[in-house]
Amino acid sequence: MADQSKGRIRGTGARRKPPTARRKAASLAAWTAAGLVLIGGSGLGYVYIKLNGNIQGVDINNQLGTDRPDNVDNGSMDILVLGSDSRAGANGKYGTDEGGARSDTAMIVHVYEGHKKAAVVSVPRDTLIDRPRCADSEGGTVPAESRAMFNTAYEVGGPACAVKTVEKISGIRMDHYMEVDFTGFKKLIDELGGVDITTSEAISDSKSHLDLKPGKHTLTGEQALGLVRTRKSVGNGSDLGRIQLQQAFIKAFIQQVKDVGVFTSPAKLYDLADTATKAITPDSELDSVKELVDFATGLKGLGPDDVQMITMPVDYDKRDPNRVAPLKKQGQQVWTALKNDLPIPASATKGTADGQAKGIVK
């Protein structure tokens, strides 16, 4: 049985239950992708083997060590979801790396007890934080740094450092980690048949290669990727506006999965599961089809109206207006609510910096 003193990220469908003797071994929408398209995938022999071979997990438990927030057995579950901006391989068309991959998108997903509701807290990549000392994947150590941008945690120390940084910010222990890449995200949307959205105003962005008129659209994978990367041409041009677009898209994505009849079509289910398992990199306790299906069982009932989405409370930094800084009082309201498995109060986001892009996409 796993040694809980080593701070393992559990892979059970409910939070903080003792692991079985068998090791419990996964972006933007990776959590919904895994959670909604993998149900039932383990029942077909050759399909199980094929999908299992697609999954490449990352073992970060030893790197996290024991200096972590306490486990709280309240039936909830917390997952850190990252979308990496690495431009390696097939992602090269979106630009070149600037010193290494960074976490372009970061979301803390809290699934409430009973798994009927969830909350998502987006962390702006430009947030200035005190990054903790981390162990890296090569066996070395990354020193702590004050006023570091949040997305540098992934760049210098990989997934484990990103998890450790989020746990320091929030005081909440992450049960799981998932990562999704650009190319896999596009393919997933195309396999789904596109995602329906409505725009209230035109979006034209040369950097993300997106050009949409006001009205209804069925986004292809390429357009969906452009949407979640759009920044300068919406709202006030900040990363906070891009986060608002991302959150609106995720809700549309969840609705689309339910509308296309994924669960009544084995062929559609397989195609989506095949694509999703290639697109994600889960923690080592979710790196098999069985464990993903167990995890997914707890998410399959979630609809867009069941998910509360906010941006971590921040304001523009006084020393550098191109960066944002966490608001301690409002932030504490968010983390206290999630620790106690309660809804995030509206007061937590009152008076915080806003990207002014809310309502552009529905």
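The values are calculated or read from the model by the stated rules, or taken from the named source; none is laboratory data. The structure presented is a predicted model; accordingly, all values stated were derived computationally and were not measured. Note that we place each Cβ from the backbone using ideal geometry, even for glycine, and neighbour counts take in every protein chain shown. Please note that ligands, DNA and RNA were not included when accessible areas were found on the heavy atoms of the full protein model with its side chains. Shrake-Rupley method; radii C 1.70, N 1.55, O 1.52, S 1.80 Å.
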## Note on the structure
Percent of all Cα-Cα pairs per 10 Å bin for the stretch 230-353, counting from 0 up to the last occupied bin, reads 10, 28, 32, 23, 6, 0
## Note on the structure
Protection proxy (average C-beta count within 10 Å per residue), highest first, orders 306-312, 223-229, 133-139 as 223-229, 306-312, 133-139
### Task
Find out how many positive minus negative residues lie around Leu212, taking Lys and Arg as positive, Asp and Glu as negative, among other residues whose Cβ is under 11 Å from that of Leu212.
-1
### Task
Go ahead and run the numbers for FRET between Gln255 and Asp130, Cβ-Cβ distance against an R0 of 30 Å, rounding to 0.05.
0.20
### Task
Might you report the magnitude of the Cβ-based charge dipole of the stretch 118-227 about its Cα centre, with Lys and Arg at +1 and Asp and Glu at -1, to the nearest 20 debye?
280 debye
### Radius 9 Å from Cβ of Val234, net charge of other residues (Lys, Arg +1; Asp, Glu -1)
+1
### Query
What accessible area per residue comes out for the stretch 136-212, rounded to a whole number of Å², with a 1.4 Å probe?
38 Å²
### Message
Over all directions, how big on average is the projection of the convex hull of the alpha-carbon atoms in the stretch 127-170, in square nanometres?
### Response
2.5 nm²
#### Entry: Local electrostatic count at Ile344 - Lys and Arg +1, Asp and Glu -1, tallied over other residues with Cβ under 13 Å
+2
### Given Lys116/Lys258; Lys232/Lys362; Lys318/Lys358; Lys116/Lys168; Lys207/Lys258; Lys187/Lys358, the pairs whose alpha carbons are separated by over 21 Å
Lys318/Lys358; Lys116/Lys168; Lys207/Lys258; Lys187/Lys358
